[in-house]
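These notes are about the structure you will find just below.
The values are calculated or read from the model by the stated rules, or taken from the named source; none is laboratory data. Bear in mind the structure is a predicted one, so any value in this text is a computation, not a measurement. So basically every Cβ, Gly included, is an ideal-geometry build from the backbone, and we count neighbours across all protein chains shown.
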Ligand SMILES: [Zn+2]
């Protein structure tokens, strides 16, 4: 366990438990509170009971993860997994609904959602207004969907300490933790100050284009104090910066024909290859970091046919919006030039010409969490308590959507270790999972506050 040179982890826990459990009106008096009050709150039996519950229920949390992973959930086809999660939330005593986008939303109402809860665990200068805060809700989310198409074998295999299955970590781990935290609140009978929404959302991966989170932020945005996204495994990072990205598709079509008798006719695959070769010669800067990936290419019907169609999907990411725009323009120009080159090279243009379009499949906005955010302070305090160290990271996650709108949000792994995400060899090792669970729980409860017990 990592210890701060000045304040022990336990004392830090004491500090923030005091802050979060204190009614708003007493916060101004916080700085002058005598020590004994702090000590009493440090032993908050509900917090301790939830942490213990998480530690003692690792086997059933693992069972849940395996069960959910084995329900296929490609983006846009999440409903079977959503239904299973809905019933798990209901078993945790939560009112649960599925919205029209397909997100599963379980509500734990706060005792005093108008309260201006001070959630900065490290601060001794509480800045609170008497006015009720419209931001009275904290959202904890994990995405339901996987990148694996229908028909992929999602049965979990065991190899030594590792479990292997597509989606086992991304996002089996996040979903298992989401359910576990809801159950821990229920088991420990914790009544938060603010409302908590436990959400299993659709459409995070690929062409899902964050549609689940977009719908949630449309509905709940103005009420959200913070969004905590559980995505994948590990506890080594905290995503505080949203990586902006664009996803493009180029489609080139032509008349198509026979490889021998129609030779010389313009060929859409040739045009796509010509354009692609031009595009991959485009220079990208190391800073701001900018990347592109030609991720999927398809077209044609047989080896001896001139194809009538060719398609290419490209993912573009950058720390800079202007680099994104530059690369998007470069792709459009290169595909157009590839089509022109192929038409010029064609020996027989009388049999028709090529058409093309380049479309934006998706766009993820960027945004950064402010460094003095109470959410980051809560995560740091939780890290200290569980003896974890994590580095801030920029990534493309569900947190992009709230961050782009100025809502405090982070994305974190939910514990244990995983690898091979988005591959059929994806694996998960649950060793050390409780650190991830406790870290997420403490961060959430620091943001929601706890209602004082009578
Ligand atoms: Zn994920």
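Details
- Candidates 360, 324, 376, filtered to the one that is assigned by TED's automatic domain parsing to the domain that holds residue 203 and either touching a strand residue (DSSP E or B) at 6+ places or on another chain (Cβ under 6 Å) or touching a residue at least 40 places away in the same chain (Cβ under 8 Å) (or both): 376
- Test: residue 286 is away from the ligand (no atom under 16 Å from the Cβ) and either assigned to a loop (DSSP other than H, G, I, E, B) or buried (at least 20 other Cβ atoms within 10 Å of the Cβ) (or both): yes
- Looking only at the stretch 412-432, residues that are within 14 Å of the ligand (Cβ to nearest atom), closer than 24 Å to residue 72 by Cβ and buried (at least 22 other Cβ atoms within 10 Å of the Cβ) come to 5 in all.
- Among the residues of the stretch 226-236, those that are over 24 Å from residue 193 (Cβ atoms) and either away from the ligand (no atom under 13 Å from the Cβ) or without any contact (Cβ under 8 Å) to a residue 40 or more places away in the chain (or both) comprise 235, 236.
- Residue 342 vs. criteria surrounded by fewer than 19 Cβ atoms within 10 Å (Cβ to Cβ), part of a helix (DSSP H, G or I) and assigned by TED's automatic domain parsing to the domain that holds residue 275: no
- Set side by side, the residues 435, 407 differ, and just one is crowded, with 16+ Cβ neighbours inside 10 Å, away from the ligand (no atom under 15 Å from the Cβ) and assigned to a loop (DSSP other than H, G, I, E, B), which is 407.
- Residues within the stretch 162-192 that are touching a helix residue (DSSP H, G or I) at 6+ places or on another chain (Cβ under 7 Å), more than 16 Å from the ligand (Cβ to nearest atom) and assigned to a loop (DSSP other than H, G, I, E, B), tallied: 3
- Scanning the stretch 384-402 for residues that are in a helix (DSSP H, G or I) and within 15 Å of residue 369 (Cβ to Cβ) turns up 400, 401, 402.
- Hey, residue 318 surrounded by fewer than 15 Cβ atoms within 10 Å (Cβ to Cβ) and closer than 30 Å to residue 368 by Cβ or not: no
- Restricting attention to the stretch 135-161 and to residues that are under 18 Å from residue 209 (Cβ atoms) and assigned to a loop (DSSP other than H, G, I, E, B), the residue that is farthest from the ligand (Cβ to nearest atom) turns out to be 149.
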